[in-house]
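Colleague: Below you will find the structure I want to go over with you.
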Amino acid sequence: MDKPVSQQVEEQILQKIKAGIKARSLRPGDRLPPERGLALEFRVSRNTVREAIRTLVEKGILISRRGAGSYVTEEAEDIISGRLKKNLEKRRRHLAEVLEVRALLEPVIAARAAITVTPEDIAGLEAVLEQQRQALARGESPVAFDEAFHETLVKATGNGVLWSVYDTLRGILSESRAEDLQTKRRVLLSVEAHERILRALKKKDPGAASREMAMHMEAVEKDVNP
């Protein structure tokens, strides 16, 4: 589920304050940019900015002075550091669980697809893989094609229930493909893994397809949680 806009703006303001503190361009007691400027920067309404600031005031990161704006508190740096660290640890644990589910599910899908795959499925997978290669060569994000490859693989199993389960979990599973988790090494390894999986599918070898997918998932896990 998407976060409320005010919460997204709150996090953006937090990052802005953290970056300012780190660069020493923003210190305790310094004034935050006006609400109007923040609203333009984040492309939201002033009411949304005001709500985000109100939350940061409640958390002790900002203090509002009537008619004078919002200011960074003396405790802001310690509060932000603790909050960001806690959120990072929480996200790392969550991603580990997501990857565990993928490690359980994806090799089974690959093995089943190796038995049921049709020439049309192979052509579809080859097309998606080529798009992934081209995006990599252009220096663009190939995440959409990465996801499409795995979805095409599920559909190749011919199992409607399996696709329904995968489709239901799609939002959660895609969290392991977030843009900020993509490294050049991971993207390259993903293309190479997909090539090996596709070769196993062409041979209709379920054992090889499962093994290649399992190794793919292991490599992703190591890259996300080194």
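The values are calculated or read from the model by the stated rules, or taken from the named source; none is laboratory data. Predicted model, so just to flag it, every value in this text is computed and none were measured. Neighbour counts are summed over all protein chains in view; Cβ atoms, including those assigned to glycine, are modelled from backbone coordinates with ideal geometry.
Colleague: Give me the pairs, please: first residue somewhere in region 194-218 and free of Cβ contacts under 8 Å to residues at least 12 places away in the same chain and within 15 Å of Glu151 (Cα to Cα), second residue anywhere and surrounded by 15 or more Cβ atoms within 10 Å (Cβ to Cβ) and among the hydroxyl-bearing types (Ser, Thr, Tyr), beta-carbon distance under 9 Å, and either six or more positions apart or on two chains.
Modeller: Cβ pairs passing all conditions: none.
Colleague: So if I check each of Ala137, Ala123, Ala178, which one is assigned by TED's automatic domain parsing to the domain that holds Leu99, without any contact (Cβ under 8 Å) to a residue 12 or more places away in the chain, over 29 Å from Arg93 (Cβ atoms) and under 25 Å from the mean Cα position of the chain (by Cα)? Steps first, please.
Modeller: Values: Ala123 fails: under 25 Å from the mean Cα position of the chain (by Cα); Ala178 fails: over 29 Å from Arg93 (Cβ atoms).
Just a single option satisfies the conditions, and that option is Ala137.
Colleague: Checking the condition out of contact with any helix residue (DSSP H, G or I) (no Cβ under 6 Å at 6 or more places or on another chain) and either assigned by TED's automatic domain parsing to the domain that holds Ile172 or in a helix (DSSP H, G or I) (or both), which residue from Ile63, Ile53 passes? Outline the logic, then answer.
Modeller: Details: Ile63 fails: either assigned by TED's automatic domain parsing to the domain that holds Ile172 or in a helix (DSSP H, G or I) (or both).
Matching residue, one of Ile63, Ile53: Ile53.
Colleague: Of all residues in region 101-121, which are assigned to a helix (DSSP H, G or I), aliphatic (A, V, I, L, M) and touching a helix residue (DSSP H, G or I) at 6+ places or on another chain (Cβ under 6 Å)?
Modeller: Within region 101-121, the subset assigned to a helix (DSSP H, G or I) is 101-116, 119-121.
From what is left, the residues that are aliphatic (A, V, I, L, M) are 101, 103-105, 108-111, 113-115.
Ala103, Ile109, Ala110, Ala111, Ala113, Ala114, Ile115, listed by residue number.
Colleague: Taking Glu97 as the residue in question, decide whether it is at pLDDT 85 or above, in the same structural domain as Leu181 (by TED's automatic domain parsing) and within 21 Å of the chain's Cα centre (by Cα). Walk me through it before giving the result.
Modeller: Values: at pLDDT 85 or above: yes; in the same structural domain as Leu181 (by TED's automatic domain parsing): yes; within 21 Å of the chain's Cα centre (by Cα): yes.
For Glu97, the condition - at pLDDT 85 or above, in the same structural domain as Leu181 (by TED's automatic domain parsing) and within 21 Å of the chain's Cα centre (by Cα) - is met.
Colleague: So, one more: Could you check, for region 55-74, whether at least one of its residues is under 23 Å from the mean Cα position of the chain (by Cα) and of a type outside the set (S, T, N, Q)?
Modeller: Taking region 55-74 as the starting set, the residues that turn out to be under 23 Å from the mean Cα position of the chain (by Cα) are none.
No; the residues of region 55-74 include none that is under 23 Å from the mean Cα position of the chain (by Cα) and of a type outside the set (S, T, N, Q).
Colleague: Considering only residues that are β-branched (Val, Ile, Thr) and touching a Ser or Thr at 6+ places or on another chain (Cβ under 8 Å), look in region 45-77 and name the one that is modelled with the lowest pLDDT.
Modeller: Going through region 45-77, the residues β-branched (Val, Ile, Thr) turn out to be 48-49, 53, 55, 57, 61, 63, 72-73.
Keeping just the survivors that are touching a Ser or Thr at 6+ places or on another chain (Cβ under 8 Å) gives 48, 53, 55, 57, 61, 63.
Working: Thr48: 92, Ile53: 90, Thr55: 89, Val57: 89, Ile61: 86, Ile63: 89.
For region 45-77, the residue satisfying everything is Ile61.
Colleague: Here are the criteria: (1) outside any helix (DSSP H, G or I); (2) surrounded by 16 or more Cβ atoms within 10 Å (Cβ to Cβ); (3) touching a Phe, Trp or Tyr at 6+ places or on another chain (Cβ under 7 Å). Tell me which single one Gly29 does not satisfy.
Modeller: Result: Gly29 passes all but (2).
Colleague: Further question on the same structure: Residue under question is Thr152, and the condition is that it be touching a helix residue (DSSP H, G or I) at 6+ places or on another chain (Cβ under 8 Å) and free of Cβ contacts under 8 Å to residues at least 40 places away in the same chain; does it hold? Write out each step before concluding.
Modeller: Values: touching a helix residue (DSSP H, G or I) at 6+ places or on another chain (Cβ under 8 Å): yes; free of Cβ contacts under 8 Å to residues at least 40 places away in the same chain: yes.
So Thr152 passes the test.
Colleague: Would you tally the residues in region 194-226 being at pLDDT below 95 and either charged (D, E, K, R) or not in a helix (DSSP H, G or I) (or both)?
Modeller: Matching residues across region 194-226 total 6.
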